[in-house]
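Engineer: Here it is: the structure, laid out below.
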Amino acid sequence: MRSSARAVVIGGGVGGCSILYWLTQLGWDDVVLVERADLTSGSTFHSAGLVGQLRGSLALTRMMMNSVELYRTLEAEVGLETGWREVGSLRLASSPERLEEITRQAGWAKTFGLPLELVSAAEAQELFPPMSTEGVLGAAFLPSDGYIDPSQLTFALAEGARRRGAEVNTSTRVTAIRVERGAVTGVETDRGAIDTPVVINAGGMFAPELGALAGVTVPIVPMAHEYLVLEPSGLPLDMPTMRDPSLLVYFRPESGGLIMGGYERQCAPWSLDGVPPDFNGKLLEEDWPRFEELMENAIVRVPSLEGMGVVRLINGPEAFTPDGEFILGPSDVRGFWVAAGFCAHGLAGAGGMGRLVAEWVVEGTPSLDVWHMDSRRFGAAYRSREYTLARTKEIYETYYDVKYPGHERSAGRPLRTSPAYERLAALGAVFGEKSGWERANWFEPNVVAGDESLRPRGWAGKLWSPAIGAEHCACREAVAVFDESSFAKIDVSGPGAAAFLESLCANRVARDVGAVTYTQMLNPRGGIECDFTVTRLADDRFRIVTGTAFGQHDLAWLRAHAPRDASAGSVTVADVTSAIACFGVWGPQARALVQPLTTADLSNEAFPYMRARELAIGPVPCLAVRVTYVGELGWELYCPAEFGARLWDLLWAAGAEHGLVAGGYKAIDSLRLEKGYRVWGADITPEESPFAAGLGFAVKLDKEDFVGRDALAAAAEPEHVLRCLVLGDPRSVALGSEPVRVGDRLVGRVTSGGYGYTVERSIAYAYLPAADAAVGTEVAVEIFGEWVGGQVAAEPLYDPAGERVRA
């Protein structure tokens, strides 16, 4: 065994072997894989092996597509069978909601060039003869899906890596991970030590204990997952795989017979105190009582199943995560990476996942926007087994549920609440949750002031309330208050803080004390990694305010780039989110409401837009920041958390005479759409530049060097640009990911959409080819199978001169 390596991969499952394969493909031949037992002996060997490409996110779909691309060619490359069978997949719709779901998926598939077809129940039965069509309204058929043999695939990947110089060591158990000054220096095994600056934890269900060796939390719960192997019964070998999510079951052809499994409503977490040291290549006891629900459902769809002979009921643990997404990428320990938690679709994603992680390790940034899979996305709450288990159980037990956009989870709530939480609840708040925070989506009493006739058609109208429009209009016409305490707040301080931020921000942020700057941080390719405001609080202290869901990401980005030696200047990066409450007060009456509560002069001359100052609201010390995400006059008022309830009470009491309305985050979203304010992770991502996103005004190429500057300076004009679209039918509302066409050409997909209650239009944003991006260009957006006409509009749609925010 080598005593040193450029990188060490821990875990000989399909994920670890794929990463090893791709590292060697990218030229890293001095790499080692260590496996505690034999290859595939964790969860890989008992995987059902289904490979489906179309997923709920762009990045995961791309990963699955890249997997299929590899599986088609790997056997020829290495000379070993992989068991890849490109037989296609069927997804049945047994309810109107399921039919809407597959119709939406068909549009989503078009944007990837995936040949997904909507077929009738009879056509589905022709493809999968043993199925009953009873209750089936239609189906989606994707001919490029299939299934693969998990062990054969793993051995083929390992062989491909060996041929390019990698070393694979089985029966080699990791006993320690060496960490010095916050960085990995090597691994220790029962066969000796390996010096390395890079360790990739691909340990599957063993990943939490491996992470603990480096001081890293990996929130994974092993779930006992069952499927049935049935004897050959003369079924066609080329049948597609089939899923009937309404019945919670899936099917796969196997040697003239079937494999059948699913996701039961009463799941079975396993070995919560740690996987036994000798659990290698083993299965769990058959659990027929738990499988009964799935068996009964499966017979409804495939009646002949009842008479088929049983080979075995497979019961094996699979690693699931609290949000159902992979756990990928670097950790807070430099050089320690995680690639685990594949939630029973590791075989489908292994090829693409290995490629992405290897590129990330080698090049420093991922080739796709994968923040929703980033290992650093989980906050401190996931150190709790109780919370992690509750969230993970919910993911497993609702695996096949229809998830409407804006769907809210219920497990583990409430967890994080603002100081005004009880006040909001008393006012009738309908709460949503983000990053553990309880946040008001809207306030039910405001329904009476809303307009039910504006309810969008289809899915957009499912998780909707007339209160949203009422709160939107109150903000535009009078004044509204929003609890924004959940917004992430990060303080950057120290003598090196100004230089540090200037080296990362595309805009000039080290301005005079009290200046507020909107900026992005970029990756070396010029893509947008962070999007936030920076307020200079003192010569050596700055505050970043970013979205609730992006705090962990932005904090990790800052810490990853912070100077590590004293000569670079002392910089401290601190998450102060929980210490500070924040209320946004916006609307034409905002100044009239707040001015009587403070001795500070809030006039436009004394307190202009994009400035901050310390003042008192009644007895409450506040940092007032004149900034907006809704496009109206107003302030964000920050105070220490212990003053938060008192500040809310003061504002609420003073607002009565001004028509103050409590507003929720759904209203904020419609307000920001009218103003063209972008959302990171949707409208802007690490794959787009500020110039493509229409944010060139926030880039200062003439300042000193910053990350991404060279890429921006060298780039040609963007080929695709973000544009505002207005649709002809105001009740046809895009939710994101819908295909967009110009003429008969498919040109892009919607990034975000909604209804603007002031402009009275359905609004969508999408990246279009520059040649098709002129204002007035006719477009069409496919919403649940119907092409809705619209056109490119000048933005912002509301207050284009920005007069209201500067009033």
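The values are calculated or read from the model by the stated rules, or taken from the named source; none is laboratory data. Please read these numbers as outputs of a predicted model, since none were measured by experiment. Because the Cβ atoms are built from the backbone with ideal geometry, glycine has one as well, and the counts that use them run over all protein chains shown. In case anyone asks, the SASA skips ligands and DNA or RNA and just uses the protein heavy atoms, side chains included. Shrake-Rupley method; radii C 1.70, N 1.55, O 1.52, S 1.80 Å.
Engineer: One-quarter of the Cα convex hull surface for the stretch 506-598, in nm²?
Structural biologist: Over all viewing directions, the stretch 506-598 projects a mean Cα-hull area of 8.3 nm².
Engineer: Right, another one. Return the aspartates and glutamates within reach of LYS703: Cα separation strictly under 12 angstrom, same-chain partners fewer than 8 residues apart disregarded; answer none if there are no such residues.
Structural biologist: GLU502
Engineer: For the stretch 419-575, count all C-alpha to C-alpha pairs, find those more than 19 Å apart, and express that count as a whole percent of the total.
Structural biologist: Working: 7787 of 12246 pairs.
It works out to 64 percent of all Cα pairs.
Engineer: Would you mind checking the radius of gyration and Dmax of the stretch 296-444 based on alpha-carbon positions, in Å?
Structural biologist: 19.9, 61
Engineer: Here is a follow-up. How long, wide and thick is the stretch 127-217, going by the Cα atoms along their three principal axes, in whole angstroms, largest first?
Structural biologist: Answer, in whole Å and largest first: 62, 34, 20 Å.
Engineer: For the chain, treating each Cα as an identical point scatterer without solvent, what Debye log10 I(q)/I(0) comes out at q = 0.06, 0.10 1/Å?
Structural biologist: The calculated log intensity ratios at q = 0.06, 0.10 Å⁻¹ are -0.40, -1.14.
Engineer: So for each of 88-97, 173-182 I average, over its residues, the number of other beta carbons within 10 Å; can you give me the resulting order with the highest mean first?
Structural biologist: Listed from highest to lowest mean packing, they are 88-97, 173-182.
Engineer: Something else about it: For the stretch 184-332, take the convex hull of the Cα atoms, compute a quarter of its surface area, and give me that in nm², please.
Structural biologist: Computing the convex hull of the Cα atoms and averaging its projections yields 11.5 nm².
Engineer: While we're on this one: May I ask you to give the solvent-accessible area per residue for the chain, in square angstrom, as obtained with a 1.4 angstrom probe?
Structural biologist: On a per-residue basis, the chain sits at 36 Å².
Engineer: What percentages make up the Cα-Cα pair-distance distribution of the stretch 8-110 when the bins are 10 Å wide from 0?
Structural biologist: Calculated P(r), rounded to whole percents: 12, 34, 33, 15, 6, 0.
Engineer: For the stretch 659-799, state the semi-axes of the equivalent ellipsoid (square roots of 5 times the eigenvalues of the alpha-carbon gyration tensor), sorted largest first and rounded to whole angstrom.
Structural biologist: Numbers: eigenvalues 141, 86, 29 Å².
Semi-axis lengths for the stretch 659-799 are 27, 21, 12 Å.
Engineer: A further question on this structure: Going from the alpha-carbon gyration tensor of the stretch 80-142, what semi-axes, largest first and in whole Å, does one get by taking the root of 5 times each eigenvalue?
Structural biologist: Rounded to whole Å, the semi-axes are 22, 18, 8.
Engineer: Now for a separate question. Report the normalised scattering of the stretch 629-729 as log10 I(q)/I(0) at q = 0.11 Å⁻¹, calculated by the Debye formula with identical scatterers on the alpha carbons.
Structural biologist: -0.58
Engineer: Take the solvent-accessible surface of the protein heavy atoms, probe 1.4 Å, and return the percent of it on the chain that carbon and sulfur atoms account for.
Structural biologist: Whole-percent figure for carbon plus sulfur exposure: 50.
Engineer: Under 15 Å from a point placed 7 Å out from the Cα of ALA641 along the Cα-to-Cβ direction: which residues of the stretch 489-522 have their backbone N that close?
Structural biologist: From the stretch 489-522, the list is 489-491.
Engineer: Among the listed pairs LYS110/LYS393; LYS393/LYS434; LYS462/LYS666; LYS403/LYS434, which are separated by more than 21 Å between their Cα atoms?
Structural biologist: Among LYS110/LYS393; LYS393/LYS434; LYS462/LYS666; LYS403/LYS434, the Cα-Cα distance tops 21 Å for LYS110/LYS393.
Engineer: So what's the stretch 734-793 giving for Cα Rg divided by 2.2 N^0.38 Å, two decimals?
Structural biologist: 1.03
Engineer: Also, I was wondering about something else. Equivalent ellipsoid semi-axes for the stretch 657-698, as square roots of 5 times the alpha carbon gyration tensor eigenvalues: give them largest first, rounded to whole Å.
Structural biologist: 29, 12, 7
Engineer: Which whole-number percentage describes the relative contact order of the stretch 309-411, with Cα contacts under 8 Å and a sequence gap of 6 or more? Present the calculation step by step, with values, prior to reporting the outcome.
Structural biologist: Numbers: 98 pairs, mean separation 30.7, N = 103.
Relative CO of the stretch 309-411 lands at 30 percent.
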